Amino acid sequence: MKRLKIIYGIFVMLLLCVSCQAQNKETENVIIPGIEWKDASKNRINAHGGGVLYENGIYYWYGEHKIPGRSEDDKAGGGVHCYSSADLYNWKDEGVILSVDYDNPDSEIAFGCILERPKVVYNEITSKYMMYFKLYPKGKGYKYGYLGVATADSPSGPFTYSHKFLAADSEEGSGDFTLFKDTDGSVYHFTVRKPDKAFVVGKFNREYTYPDGAYRVMEEIPPHTEAPAIFVQDGRYFILGSGSTGWKPNTARAFTATSLLGPYKELGNPTKGVNPHNGMNEEKTFGGQSSYIIKVEGKENAFIAMFDLWKPEHPFDGLFVWLPIEVEGDTFNIEWRDKWDLSVFEK
């Protein structure tokens with residue numbers, strides 16, 4: 001009997017130890033790319049194709065809200081979801097801050113529309129937070145690519161849909177895009193023009209509601225450059241993008257310039273390594289596609305590349321890959337890391 005009690009005690013201690021280790025792993029301030037990422041309430045983060053805004057000490061992560069149990073072909077989009085964080089590790093769920101319209105089938109963002117890649121900037125002139133997203137009206141497919149606009153008084157919303165427009169001086173509009181807010185408050189829209197897939201740039205008006213003037217073709221950037229993300233370091237601008245293969249992963253591409261509007265020089269593929277969770281290397285960008293580049297506030301030369309691992313048949317289950325960017329002169333590298341934290345920027 002005494003031996004059984006000793007064995008039982010050891011067994012309980014082992015269970016407690018395992019439980020403690022699991023708890024520590026859940027609360028550990030690290031980023032583990034390519035696995036399920038949960039918010040502070042232990043629910044799966046649902047913010048795909050997203051972007052990040054930093055405001056008053058808080059990061060706001062905006063992304064596509066996917067409806068569980070639906071595929072991309074079966075109306076998976078439910079609007080825009082937001083999460084907030086003070087440290088980039090732990091994220092609080094702020095909810096769906098812009099919902100598709102489930103009640104009005106004639107709404108421009110009616111349930112069944114395609115709403116992708118939300119980005120948010122703040123306009124000091126109007127004191128409004130401005131959200132932009134790719135918008136394909138319900139039942140129209142992907143032919144006409146509008147830029148949808150929504151506004152809010154707070155970075156966590158709620159946002160109210162405002163209007164849509166066809167950008168890039170094209171009757172069919174534009175596709176994947178990113179925004180860059182310059183130091184003078186000007187916002188530039190870098191996007192892929194439809195239908196020829198040329199990479200173009202245009203400037204928004206003072207209110208950030210519509211383009212201000214014509215778009216310019218950036219001829220040095222190859223056509224079919226999608227999923228652009230941009231950052232600046234020491235006066236040098238960098239663009240990260242992908243090829244055009246639909247939901248299937250392809251090789252990343254990168255460009256650099258000493259002026260925001262170029263001309264840009266091609267750098268090739270900046271990624272390196274293998275995602276052990278799916279076996280995909282740099283030739284397939286770890287199985288992902290770029291979505292945004294985060295500037296880590298309070299640290300020098302600190303940027304994080306955001307990628308999405310798309311799962312079009314089960315988009316709610318899509319995964320995220322966040323990796324640190326290493327800038328080296330006029331180029332940059334993004335190397336796979338199984339696990340990392342912000343101390344990598346303190347070298």
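Take the residues in segment 216-254 that are touching a strand residue (DSSP E or B) at 6+ places or on another chain (Cβ under 7 Å) and β-branched (Val, Ile, Thr); name whichever of them is nearest to Lys197 (Cα to Cα).
Restricting to residues being touching a strand residue (DSSP E or B) at 6+ places or on another chain (Cβ under 7 Å) and β-branched (Val, Ile, Thr), the top hit is Thr225.
For segment 37-47, does any single residue satisfy the condition of being in contact with a Ser or Thr (Cβ under 8 Å, 6 or more places away or on another chain) and at pLDDT 95 or above?
No, because not a single residue in segment 37-47 is in contact with a Ser or Thr (Cβ under 8 Å, 6 or more places away or on another chain) and at pLDDT 95 or above.
Can you report the number of residues in segment 79-91 which are surrounded by 16 or more Cβ atoms within 10 Å (Cβ to Cβ) and either free of Cβ contacts under 8 Å to residues at least 24 places away in the same chain or over 18 Å from Phe159 (Cα atoms) (or both)?
3
Quickly run through segment 39-49 and pick out the residues that are surrounded by 24 or more Cβ atoms within 10 Å (Cβ to Cβ) and not in a loop (DSSP other than H, G, I, E, B).
Matches in segment 39-49: His48, Gly49.
Scanning for something more than 27 Å from Ser170 (Cβ to Cβ), touching a Ser or Thr at 6+ places or on another chain (Cβ under 7 Å) and in a loop (DSSP other than H, G, I, E, B), does segment 252-259 turn up at least one residue?
no
List every residue pair whose Cβ atoms lie under 8 Å apart, where the two residues are 6 or more positions apart in sequence or sit on different chains, the first residue falls within segment 329-347 and is touching a residue at least 24 places away in the same chain (Cβ under 8 Å) and under 24 Å from Gly279 (Cα atoms), and the second residue, located anywhere, is basic (Lys, Arg) and not in a loop (DSSP other than H, G, I, E, B).
Asn333/Lys272; Ile334/Lys272; Glu335/Lys272; Trp336/Lys272
Restricting attention to segment 318-328, and to residues there that are over 11 Å from the mean Cα position of the chain (by Cα) and in contact (Cβ under 8 Å) with a residue 60 or more places away in the chain, which single residue is farthest from Thr245 (Cα to Cα)?
Val327
Quick check on Tyr210: is it of a type in the set (Ser, Thr, Tyr), in contact with an Asp or Glu (Cβ under 8 Å, 6 or more places away or on another chain) and over 18 Å from Asn333 (Cα atoms)?
No, not satisfied.
Please work out which one of (1) modelled with pLDDT of 95 or more; (2) under 25 Å from Trp310 (Cα atoms) is the condition Gly246 fails and give its number.
(1)
Mind checking which residues of segment 312-344 are out of contact with any strand residue (DSSP E or B) (no Cβ under 7 Å at 6 or more places or on another chain) and either crowded, with 17+ Cβ neighbours inside 10 Å or part of a strand (DSSP E or B) (or both)?
Correct list: Glu328, Leu342.
How many residues are within 21 Å of the chain's Cα centre (by Cα), surrounded by fewer than 18 Cβ atoms within 10 Å (Cβ to Cβ) and touching a residue at least 60 places away in the same chain (Cβ under 8 Å) if we restrict to segment 275-295?
Here the count works out to 3.
Can we say Thr245 is in contact with an Asp or Glu (Cβ under 7 Å, 6 or more places away or on another chain), β-branched (Val, Ile, Thr) and either part of a strand (DSSP E or B) or surrounded by fewer than 20 Cβ atoms within 10 Å (Cβ to Cβ) (or both)?
no
Please determine, by comparing only the residues of segment 146-161 that are of a type in the set (Gly, Ala, Ser) and either closer than 17 Å to Ile58 by Cβ or touching a Gly at 6+ places or on another chain (Cβ under 6 Å) (or both), which one is surrounded by the fewest Cβ atoms within 10 Å (Cβ to Cβ).
Among those residues, the one meeting the criterion is Ser154.
Does at least one position in segment 192-208 carry a residue that is more than 28 Å from Ala302 (Cα to Cα), charged (D, E, K, R), surrounded by 19 or more Cβ atoms within 10 Å (Cβ to Cβ) and at pLDDT 95 or above?
Taking every residue of segment 192-208 in turn, at least one turns out to be more than 28 Å from Ala302 (Cα to Cα), charged (D, E, K, R), surrounded by 19 or more Cβ atoms within 10 Å (Cβ to Cβ) and at pLDDT 95 or above.
Pick out the one residue from Ala305, Ala252, Ala227 that is closer than 24 Å to Tyr89 by Cβ, small (Gly, Ala, Ser), surrounded by 15 or more Cβ atoms within 10 Å (Cβ to Cβ) and within 17 Å of the chain's Cα centre (by Cα). If you could, list the steps in order and put the result at the bottom.
Details: Ala252 fails: closer than 24 Å to Tyr89 by Cβ; Ala227 fails: closer than 24 Å to Tyr89 by Cβ.
Exactly one residue qualifies, and that residue is Ala305.
How many of the residues in segment 165-180 are closer than 20 Å to Leu98 by Cβ and surrounded by fewer than 20 Cβ atoms within 10 Å (Cβ to Cβ)?
1
How many residues, within segment 208-238, are over 16 Å from Phe165 (Cα atoms) and not in a loop (DSSP other than H, G, I, E, B)?
13
The values are calculated or read from the model by the stated rules, or taken from the named source; none is laboratory data. Everything numeric here is computed off the predicted structure, so don't read it as measured data. Note that each Cβ is placed from the backbone with ideal geometry, even for glycine, and that neighbours are counted across all protein chains shown.
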